[in-house]
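What follows draws every value from the coordinates through simple rules; no lab data is involved. Since the model is a prediction, treat every value here as computed from it, not as a measurement. Please note: Cβ atoms are built from the backbone with ideal geometry, for glycine as well, and neighbour counts cover all protein chains shown.
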Amino acid sequence: MEIDDSDFKTKITQLVEKVGQNVKKGTLDIAKEVLRLSQREVPHDTGELQNSGHLDPDAPADDIIVGYNKVYAAFQHEGGDGKRVITHWQKGRKGKYLEDPIKNNLSTFKDFFANILK
């Protein structure tokens, strides 16, 4: 007895490709939202740090990098460097401006991603 499984193999290949495309799109959508939310929290004096916010969708391995491109970005994000500590930011802004939007919206991002994979 022979079973022709070529149609099954074709459909599996198509499914894997579609899932991969949806994962990349979903990851990009979440990265855009993290950047948008962080723009409300990133320290703002002259606006240079806020304006340096960016996405790198071409990062290696299906990753997307969200970040701020100033030499002092990590110092501001972490609230200092161990020797110097930031205790007050202007205009109600704060440190952990990338970390907190992710933590505070993690369940929403998980649900969004789960819906993409359905």
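I'd like the orientation of helix 6-38 relative to the chain: the angle between its Cα long axis and the longest Cα principal axis, in ° from 0 to 90, rounded to 10. Compared with the principal axis, the helix lies near 10 degrees. Peptides 8-14, 75-81, ordered by how many other C-beta atoms sit within 10 Å of their residues on average, highest first, read 75-81, 8-14. So, in Å, what gap is there between the alpha-carbon centers of the range 1-28 and the range 76-111? Here the answer is 40 Å between Cα centres. If you look at the Cα atoms of the chain, you get an Rg and a Dmax of 20.2, 76 Å. Backbone phi angles across the range 79-94, fed through the Karplus curve with coefficients 6.51, -1.76 and 1.60 (θ = phi - 60°), yield HN-Hα couplings of x, x, 10, x, 9, 10, 10, 8, 10, 8, 10, 6, 6, x, 7, 7 Hz in residue order; Gly and Pro are listed as x. Hey, what did the range 7-117 get for relative contact order, percent, Cα under 8 Å, at least 6 apart? Once normalised by length, the contact order is 31 percent. For the chain, what does the helix formula give at 222 nm: sum of -39500 (n - 2.57) over DSSP H segments with n ≥ 4, over the residue count, nearest 500 deg cm²/dmol? Helices in the chain give a 222 nm mean residue ellipticity of -16000 deg cm²/dmol. The Cβ shell under 14 Å around residue 98 holds other residues with a net charge of +2, Lys and Arg each +1, Asp and Glu each -1. Excluding same-chain neighbours fewer than eight residues apart, the aspartates and glutamates reachable from residue 32 by a Cα-Cα span under 20 Å are 41, 48, 56, 58, 62, 63, 99, 100, 111. The long axis of helix 106-117 is offset from the longest Cα principal axis of the chain by roughly 20 degrees.
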